[in-house]
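The values are calculated or read from the model by the stated rules, or taken from the named source; none is laboratory data. Note that this is a predicted model, so its numbers are computed, not measured. Counting neighbours? That spans all protein chains shown, and the Cβs are built from the backbone with ideal geometry, glycine included. Accessible surface is based on the protein model in full, side chains and every heavy atom, while ligands, DNA and RNA are left aside. Shrake-Rupley method; radii C 1.70, N 1.55, O 1.52, S 1.80 Å.
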Amino acid sequence: MNIPVIMAEQPPLESALMNEVPLLPHIVNGDSGQQVILVQVNPGETFTIRTEDGHIQCIQGPAHVPMMSPNGSMPPIYVPPGYASQVIEDSGVRRVVVLPSEFHPSNHPPMHPPPTHVPHYMHHHPALIPHPHQVYAPVTGTGDIPPQFIPQHPPPPHVFPDQESRSPHGRSNFNHRDERTLKAHERLQKRLKERQVGGQKDKPNSPPSSPHKSHSISPTNVQNGYGKGQAISSVTGTTTGPVKLKPSGKAQSSPQVDAEAGDSDLETKLLQELLSGIAKPVVSEIKEKSVVLSWNPPSGSVEEEDNADQLPAGCSYEVIISNSGKSGKFKVAYLGEETTVTITDLRPATDYHVRLSAICNSVKGSPSEVASFTTELSKPDSPAPPKLINRTKNSLSLQWKAPNDGGSKISNYLLEWDEGKQSPFKECYFGHQKQYKLTKLSPSVGYTFRLAAKNEIGLSDLSETVQYYTAGSVPPCPAPPRLIRAGVTWMSLEWTRPSGVSCDESITYILEMEDESSGYGFKAKYNGDELACTLKNLRRSSSFNCRVFACNSEGKSNPSEVVKYCTCPDKPGPPSKPSIKGKVHAYSLKAVWESPKDNGGSEITKYVLELSEGLNENKWDMAYSGPDREHVCDHLNPGTWYRMRVYCISNGGQSQVSEILAIQTAAVTPGPCQSLRLSGKAKAREMALRWASPVVDGGSTVTEYSVEIGEPGLDDRRLVYKGPELECTVGSLLPGKIYSFWIKAANKVGYGPRSERTDISTVAAPPDQCNIPVATCKTATCVQVSWECPSSNGSEVTEYRLEFGGMEGCMQVIYCGPSLSYEVKALTPATAYYCRVQAVNSAGPGYYSDTAICMTPASVPAAVNVLQVIDEDQLEVILPSPSTCLAIQWEEPCCHGSEVIGYNIEYGDKQIAAVSKVTSAIIEDLQPDTSYRIRVQAVNSIGAGPFSHSIKAKTKPLPPEPPHLECAVFSYQSLKLKWGDGPNKALNTGSTQYTLQMEDKFGRFISIYNGPCHTYKVQRLTESSVYNFRIQAYNDAGEGPFSEVYTFTTTKSPPPPLKAPRVQILEENACEITWEALQPMKGDAIVYMLQIIIGRDTEQVYKGPATSFHFTNFQTNCEYRFKVCAGRQYQDAVGMQELYGPYSPTVPFSSQRQESVSSSSETTVELTKVNKETLTDEQFAALIVVGFAVVSILFAFIIQYFVIK
């Protein structure tokens, strides 16, 4: 959005301002210090203010809103997020341009609050903040404002009283630029605005960003125009208010600027020029190891009001420092967005040089001028602790190195010690030497020392403390070691410090061990200052001799007494895999196992046998616990798999379990099955039975079932099923009878007992299949079918169903009833028919009988079904006369068993024509244009069949005669011919049509027109030439004869139009008119006619073959127009004729009296030619079309912009 604010000296205006802003007295009284600010609102944008009565008013552009400045200075324009204001002065008028800056939806800085020290300017209201460029619904009236126009952030407390702004250090933050650079900067801002507006038009439906929302979600917080900084090395950034930390590693550039970076060299150069205008940093608070640097953002003009508004968001700064001179190597000391930083870790009394660079959007400006400073002197650094170079029982010799002197030479060193009593430190040496020897010390005593250095500034910090011991004697013999705990391959020992040794003396210990079985004597197993150790990788259940030595810096003591300790035994190995002894019974078995190969060094005290039922179960039950290696397991289940394992226990612990033995007990026969039950509904001749497995399977899977059947009260049983399934179907039963069933199950051992008896009854069945029916032909179209009654299967037959049809697979039921015969009528002669019958009772229908076949006798042919008239173009032969002949065609009907030998054709008044065995015929000797009814019957050896349906046919009329041909219009390149009395264009396509032919240069007539019209215009002819024509008429009856040959001649062509003539002034009252010349046309001479137009009068001034004419005695100060045309002279029978073409465009000229304006002696009449010619009709029509198109486009744009959007 671009809102220019223009200030000028104006009288007071009573404009509607905010109710929070009272009108000051000097403003109302028209003091000369006031100024009027005109806020220009662009088209499509909205400017919101609050009036004195409290209403909110939205002013839509284009408009100018007057506002008053109380003290005559330029007020700042506060803009919403995503916009920046720029002050530009042109010809004494200052303009504040509000432009869209780079906008990041989630990372744009809030508005900069103004300084709070200005007391004399009016308060700013958020209603004056211009909104982003968006298209919204129009506001209906005063006070009705959409919620998105109401800002959500509090108003700033004050505004600036003038345009000048000072940095915190009192330095001006403006730089001068020349006028060319300022104009280039304005072009840059304008281009950024156009691209921002173009980007917003691409998304017209995007809602505006709420300023409050954008402020709250932004990770950036800027206070008093300063951004956040990121310290590099030891750099600390400071601001005048609280600052939120900025996430590192995120680019701050706009996606729109990144997309156009390749073709924006001008913008990059201008931005780099702006960044290069930064001033050198200001040095303050110089200390020994730190300094405070501050600077102002770069600026390009002293007329600009706020430097921060010139730069996009995300501008950072780079500080480089050097301690080797201005031309030395510079290192980066800080990189961030702060404008005040503290640089630490400097060297005292050192000359430093710093330079500053600004970076924005990956563009880095040139470094600033060099700022130099020198750090102050300091006390020396803390020295390193002194080192021991020699010791005896009564002396210690120490030495040290000099630390950094802090810019002043070290004069003395201070050495302090604790006198070996761990008491407060005391001075033992003060001087300039770097070594010192302490004497008269006690043996084997530790002394603690620390060191400090001193120069003219002061004493340094003390070094770290260090402890050294004097030499002493060998320690006494220690006590023997004690056993803490022993394991299978390890043991833990401890010992005490020798008696009589000072607790400050450093003592180490050596532990030796002897394995008597190895014969190698004592070997050292430990050497250290601890009072305990753990010996590993020892033999299990073995004894070892141990002793200990005490050592110090003087030597090793005598060994302690030798003690003997033993390791523990190990867990025994797993016993062998259990095995079965004897036969495996159904309910018991005997298991045995062997002792483990490795007892772990101790005797086995107990064996434990565990038993688990099943192969996949993880539950183990203890079956035996004791010293024996066999056990009888009883109370087992028959045919069940069991798993066995065993483990042993000794003093060393419990062994691992042995391998698992899987064994299955012997199986027995299964128990009795449950009673049989019916599966589904009972049927007449079969029934489906099912049963469940026996509750007890005998320890073996049931592999087979046996089903037996018998009659109630009889002991006779027979086997009907034997197999592994749990269901079966028993067939070959009698309907409605009771049967008894038994079942028994079998496994690999054998069959178990039978189940209890189960009685089940069958149901009634449908009747049996009928015998083949008997078919008797009574006539050629009637057949009688009869049948016999089948067995009813316990239920009386209620009806019979007869199926009859011409094909065996497509028969249909034609009769249902109790009768044993049926008569079928309306059959086709000489045709084979098929029939079958079915009996039905209460149980359902029985099976159909076998199919019977009968043949009806032959008869007369059937009627002809298809009869039609054949068009003339479908015939292979040509009709003698379409007006007296008709061609018909039919299809051969069914012969009904006797071949068709001929046909009878009936037409007209009962006229019959007999033809042979054909399917088409031509009826001749008919009347033209007459309708006839025609029908056909077929004839065979038995007789004539029925007539077919009648059709209506009409003969064609006689062909038409040719019309009279005449020429209606003659032209030099076309002839318009006319014939007949009908209209020019045909209205009925079915009427008579015409063929027009023209003779070519070879004497052949070619067709140039075919159609129903009565006129035709022959184009592209040659002038004054003779052409021959003839015409023919045709209709549905055929083509008529051609007419006689007609001859017509074209006329001569007129000359073409000439160009506008040229006028040349010869003398004061004479001029010469010239025009172009034409060549003779086919030997005919060319003459010209010149006319002059004065006002509305036209007068011929010349006629002849010349191409120029001298015109004299014309009046001065008068306007004339000339035009010319060419004529063709030719000789005909009448005499000499002239044929003139169109006139050329007119040429105007005006005669004016000559005035003496020069010293030339020639006297001429000045002729002013009028360059503007009158518009022709075509030019005027084109102008109207263009105007109409422009208006239409404008209306379409208005409708789309204000209505659709």
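Every residue, every condition in (1) in a loop (DSSP other than H, G, I, E, B); (2) of a type outside the set (A, V, I, L, M); (3) out of contact with any His (no Cβ under 7 Å at 6 or more places or on another chain), yes or no:
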{"position": "903", "(1), (2), (3)": "no, yes, yes"}
{"position": "906", "(1), (2), (3)": "no, yes, yes"}
{"position": "909", "(1), (2), (3)": "yes, yes, yes"}
{"position": "918", "(1), (2), (3)": "yes, no, yes"}
{"position": "926", "(1), (2), (3)": "yes, no, yes"}
{"position": "961", "(1), (2), (3)": "yes, yes, yes"}
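Those residues that are among the aliphatic types (A, V, I, L, M) and either in a strand (DSSP E or B) or closer than 27 Å to residue 752 by Cα (or both), I need them from the range 654-667; list them, please.
661, 662, 663, 666, 667
Would you confirm, using the coordinates I've provided, whether residue 789 is in contact (Cβ under 8 Å) with a residue 40 or more places away in the chain and within 20 Å of residue 674 (Cβ to Cβ)?
No: the conditions fail for residue 789.
Among the listed residues 1134, 1157, 1170, which satisfies the condition of being open to solvent by less than 100 Å² (accessible area, probe 1.4 Å) and either in a loop (DSSP other than H, G, I, E, B) or at pLDDT 50 or above (or both)?
From the options 1134, 1157, 1170, the qualifying one is 1170.
Out of 355, 347, report the one residue that is outside any loop (DSSP other than H, G, I, E, B), among the charged types (D, E, K, R) and surrounded by 14 or more Cβ atoms within 10 Å (Cβ to Cβ).
Every option except 355 fails the conditions.
Considering only the range 681-794, give the strands (runs of 3 or more DSSP E) lying wholly within it that have at least 1 residues that are closer than 30 Å to residue 897 by Cα.
Answer list for the range 681-794: 774-779, 782-786.
Looking at (1) surrounded by fewer than 14 Cβ atoms within 10 Å (Cβ to Cβ); (2) part of a loop (DSSP other than H, G, I, E, B); (3) not charged (D, E, K, R), which is the only condition residue 898 fails?
Going through the list (1) surrounded by fewer than 14 Cβ atoms within 10 Å (Cβ to Cβ); (2) part of a loop (DSSP other than H, G, I, E, B); (3) not charged (D, E, K, R), residue 898 breaks only (1).
Given the structure, is residue 892 in a strand (DSSP E or B) and either modelled with pLDDT of 90 or more or surrounded by 12 or more Cβ atoms within 10 Å (Cβ to Cβ) (or both)?
In short, no.
Are there any strands (runs of 3 or more DSSP E) wholly within the range 505-558 with 2 or more residues that are open to solvent by 50 Å² or more (accessible area, probe 1.4 Å), and if so which?
The qualifying strands (runs of 3 or more DSSP E) are 522-528.
All but one of (1) closer than 20 Å to residue 1001 by Cβ; (2) open to solvent by 60 Å² or more (accessible area, probe 1.4 Å); (3) in contact (Cβ under 8 Å) with a residue 24 or more places away in the chain hold for residue 1047, so report the exception by its number.
Against the list (1) closer than 20 Å to residue 1001 by Cβ; (2) open to solvent by 60 Å² or more (accessible area, probe 1.4 Å); (3) in contact (Cβ under 8 Å) with a residue 24 or more places away in the chain, residue 1047 comes up short only on (3).
With (1) touching a residue at least 40 places away in the same chain (Cβ under 8 Å); (2) over 25 Å from residue 505 (Cα atoms) as the list, and residue 391 as the residue in question, which single condition is left unmet?
Residue 391 satisfies every listed condition except (2).
Just one of the numbered conditions (1) open to solvent by less than 10 Å² (accessible area, probe 1.4 Å); (2) over 12 Å from residue 322 (Cα atoms) is not true of residue 362; which one?
(1)
Could you please give the count of residues in the range 692-735 that are closer than 29 Å to residue 666 by Cβ and either among the β-branched types (Val, Ile, Thr) or in contact (Cβ under 8 Å) with a residue 60 or more places away in the chain (or both)?
Adding up the residues that qualify gives 9.
Tell me yes or no: at least one residue of the range 478-493 is closer than 30 Å to residue 396 by Cβ, open to solvent by 20 Å² or more (accessible area, probe 1.4 Å) and out of contact with any helix residue (DSSP H, G or I) (no Cβ under 6 Å at 6 or more places or on another chain).
no
Is it fair to say residue 317 is open to solvent by less than 20 Å² (accessible area, probe 1.4 Å), part of a strand (DSSP E or B), farther than 30 Å from residue 295 by Cβ and not polar (S, T, N, Q)?
No, not satisfied.
Kindly indicate the residue of the range 1054-1085 that is part of a loop (DSSP other than H, G, I, E, B) and open to solvent by less than 30 Å² (accessible area, probe 1.4 Å) and also nearest to residue 1114 (Cα to Cα) among those meeting that condition.
1061
Yes/no per residue for (1) closer than 30 Å to residue 1047 by Cα; (2) free of Cβ contacts under 8 Å to residues at least 40 places away in the same chain:
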residue	(1), (2)
898	no, no
901	no, no
904	no, no
926	no, no
971	yes, no
980	yes, yes
992	yes, no
996	yes, yes
1003	yes, yes
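Can you spot a residue in the range 1114-1129 that is surrounded by 15 or more Cβ atoms within 10 Å (Cβ to Cβ), small (Gly, Ala, Ser), in contact (Cβ under 8 Å) with a residue 24 or more places away in the chain and in contact with a Cys (Cβ under 6 Å, 6 or more places away or on another chain)?
No: zero hits.
Do the conditions hold for residue 906, that is, is it open to solvent by less than 60 Å² (accessible area, probe 1.4 Å), in contact with a Ser or Thr (Cβ under 9 Å, 6 or more places away or on another chain) and acidic (Asp, Glu)?
Against the criterion (open to solvent by less than 60 Å² (accessible area, probe 1.4 Å), in contact with a Ser or Thr (Cβ under 9 Å, 6 or more places away or on another chain) and acidic (Asp, Glu)), residue 906 qualifies.
For residues that are at pLDDT 90 or above, over 16 Å from residue 978 (Cβ atoms) and aromatic (Phe, Trp, Tyr), scanning just the range 1005-1048, find the one that is farthest from the chain's Cα centre (by Cα).
For the range 1005-1048, the residue satisfying everything is 1042.
Which members of the range 691-735 meet the condition of being of a type in the set (Asp, Glu), out of contact with any Pro (no Cβ under 7 Å at 6 or more places or on another chain) and farther than 15 Å from residue 758 by Cβ?
Selection gives 715, 716, 725.
Any residue in the range 629-654 that is in contact (Cβ under 8 Å) with a residue 60 or more places away in the chain sitting within a Cβ distance under 6 Å of a residue that is open to solvent by 70 Å² or more (accessible area, probe 1.4 Å) and assigned to a loop (DSSP other than H, G, I, E, B)? List the pairs, counting only those 6 or more apart or interchain.
Pairs found: 645/660; 652/571; 653/571.
Starting from the range 1058-1069, keep only residues that are of a type in the set (Val, Ile, Thr), then list their pairs with residues that are part of a loop (DSSP other than H, G, I, E, B) whose Cβ atoms are within a distance under 9 Å, requiring at least 6 positions of separation or different chains.
From residues that are of a type in the set (Val, Ile, Thr), the pairs are 1063/1169; 1065/1164; 1065/1165; 1065/1166.
For residues in the range 454-488 being of a type in the set (Val, Ile, Thr) and modelled with pLDDT of 90 or more, which is nearest to residue 570 (Cα to Cα)?
Residue satisfying both the conditions and the ranking: 484.
Within the group 560, 553, which residue is at pLDDT below 90 and closer than 30 Å to residue 497 by Cα?
Unique residue meeting the criteria: 553.
Six or more apart or on different chains, Cβ atoms under 8 Å: show the pairs whose first residue is in the range 479-494 and closer than 11 Å to residue 539 by Cα and whose second is aromatic (Phe, Trp, Tyr) and crowded, with 16+ Cβ neighbours inside 10 Å.
491/544; 491/565
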